[in-house]
Amino acid sequence: MDNINSQDIILTGDRTTGQLHLGHYVGSLRNRVILQNRCVQFLLLADAQALTDNMGNYLKVRDNVLQVALDYLAVGIDPAKSTIFIQSLVPELTELASYYLNLVTVARLERNPTIKDEIKQRGYERDIPAGFLTYPAAQAADITAFKATIVPVGEDQIPMIEQTNEIVRRFNASVERPVLVETRAVVPEVGSRLPGIDGKAKMSKSLGNTITLSATPDDIRQAVKMMYTDPNHLRVADPGQVEGNVVFTYLDAFHPDQALVAELKARYQRGGLGDTVIKKHLEDCLQEMLAPIRERRERYAQDPAAVLEMLKTGTRRARDVAARTLSEVKAAMGLNYY
C-alpha cells in the first residue's frame with residue numbers, strides 16, 4: 001500500500017451476507033484503518049450486490065448491513081474519516097449502471113473470467129440471473145461514481161477492474177471528453193489471504209471455516225482446537241511440516257513476536273514440539289487481539305439507532321458525490337434537459 005498517496009480516492013466494501021471474519025481483517029480491514037488517515041476512502045455496504053444471488057434472503061441481506069457496519073466500527077474504522085454508505089440507498093449508482101450497460105455486450109460480460117468462474121461455482125449454467133451477469137457494469141458505476149483511483153481487490157477480481165476501465169474508455173470516447181476516471185487495482189501483499197481453519201484455500205462464510213471478529217472466547221478456543229496442522233506429525237518427537245500448516249500461517253499473520261514464531265517453527269521442524277503447544281500460542285494471541293474488538297462491537301451494538309444514523313449521514317455524503325458524477329455524465333450525453 002506504499003504506492004497510495006493523499007490524492008488517491010479509494011472505493012472498497014463488503015457484501016452484506018454475514019459478519020466479517022479474520023480473513024476480512026487480514027485482507028482488507030486493517031489496511032482500511034491505516035488508509036483512512038492517508039487519503040479519501042468510501043466504504044460500500046454492498047446490499048444491492050448481495051441480492052444478485054440472494055433474492056430469496058432479503059432479511060439476511062438487510063440485517064447484515066448493521067452487522068457489517070458494527071464490524072467496521074469495532075476494528076477502528078472512523079465514520080468521520082471514511083464515508084460508510086449503503087449501496088441500495090444511492091439510486092444514482094443504478095442509473096449510472098443502466099447507461100454503462102449500453103457500452104458492453106452480453107458476450108463480453110460472459111467472457112469476464114471472474115463472472116465465468118462464479119457462474120460455474122454456483123452451477124447456474126444458462127440460468128444466470130441477469131443482475132448477476134451484469135454486475136461488472138454495476139461495479140463500474142460504484143467505482144466511477146466516486147471517481148475512485150484505487151480499488152483494493154484480490155487477484156481473482158482484477159478482470160472486474162479491467163472491465164470497469166473498458167467502460168470508462170468507451171464512455172469518454174463516445175462523448176469525446178474525459179468525464180470518467182480510470183481506476184487502478186491494488187492487490188494486497190502476499191500472505192494477506194488466510195486459509196480456512198479446515199485448511200481449505202479460502203476462509204469463507206459459506207464454508208463455515210471462519211473465525212468471526214465477534215467470536216467469543218469459547219468460539220476462538222474451539223476453532224483453534226479444530227485447526228489443520230501437519231497430518232503426519234503424529235508424535236511430539238516427530239519432525240513437523242510448517243509449510244501448509246494453518247496454525248503457523250495464522251501465527252505469521254497475527255502474532256506480535258515474530259522472533260518467537262520463527263523459534264517455534266525451527267523447533268517444530270526438528271521435532272519435539274507438539275501441536276497443542278503451538279495451538280496454545282495461537283489461541284492466546286487471538287484471544288488478546290479479538291477481545292478489544294469484540295468489546296467495542298458490543299458497545300456499539302447497544303445503540304443500533306446511533307449506528308444507523310451514522311450510516312444515514314455517510315449515505316447522504318455518498319449520494320452528494322455520486323449525484324455530481326451522474327450530472328456530469330448526463331450533461332456529457334446531452335441529457336441535461338433543464
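The values are calculated or read from the model by the stated rules, or taken from the named source; none is laboratory data. Just so it is clear, the structure is predicted and the values come from calculations on it, not from any experiment. Note that each Cβ is placed from the backbone with ideal geometry, even for glycine, and that neighbours are counted across all protein chains shown. Accessible surface areas use protein heavy atoms only, side chains included; no ligands, DNA or RNA. Shrake-Rupley method; radii C 1.70, N 1.55, O 1.52, S 1.80 Å.
Within the stretch 105-157, the set of residues being at pLDDT 90 or above, open to solvent by 40 Å² or more (accessible area, probe 1.4 Å) and of a type in the set (D, E, K, R) comprises 108, 111, 147. Within the stretch 14-21, does at least one residue satisfy the condition of being of a type in the set (Lys, Arg) and either in a loop (DSSP other than H, G, I, E, B) or closer than 30 Å to residue 127 by Cα (or both)? The answer is yes, given that some residue of the stretch 14-21 is of a type in the set (Lys, Arg) and either in a loop (DSSP other than H, G, I, E, B) or closer than 30 Å to residue 127 by Cα (or both). The listed residues are 13, 76, and the only one of them that is over 23 Å from residue 160 (Cβ atoms) and open to solvent by 20 Å² or more (accessible area, probe 1.4 Å) turns out to be 76. Among the listed residues 273, 251, identify the single one that is touching a helix residue (DSSP H, G or I) at 6+ places or on another chain (Cβ under 9 Å) and more than 15 Å from residue 227 (Cβ to Cβ). Result of the check over 273, 251: 273. Here is a check on your reading of the model: is residue 57 open to solvent by 10 Å² or more (accessible area, probe 1.4 Å) and more than 18 Å from residue 134 (Cβ to Cβ)? Here the answer is yes, as residue 57 does meet what is asked. Being under 30 Å from residue 317 (Cα atoms) and in a helix (DSSP H, G or I) holds for only one residue in 114, 94, and it is 94.
Only helices (runs of 4 or more DSSP H) whose full extent lies in the stretch 248-336 are considered here, and the ones with at least 1 residues that are touching a residue at least 40 places away in the same chain (Cβ under 8 Å), in contact with a strand residue (DSSP E or B) (Cβ under 8 Å, 6 or more places away or on another chain) and open to solvent by 80 Å² or more (accessible area, probe 1.4 Å) are 304-333. State whether one or more residues within the stretch 77-84 are assigned to a helix (DSSP H, G or I) and of a type in the set (A, V, I, L, M). No, the stretch 77-84 contains no residue that is assigned to a helix (DSSP H, G or I) and of a type in the set (A, V, I, L, M). Of the residues making up the stretch 24-54, those that are over 29 Å from residue 289 (Cα atoms), within 13 Å of the chain's Cα centre (by Cα) and surrounded by fewer than 21 Cβ atoms within 10 Å (Cβ to Cβ) number 0.
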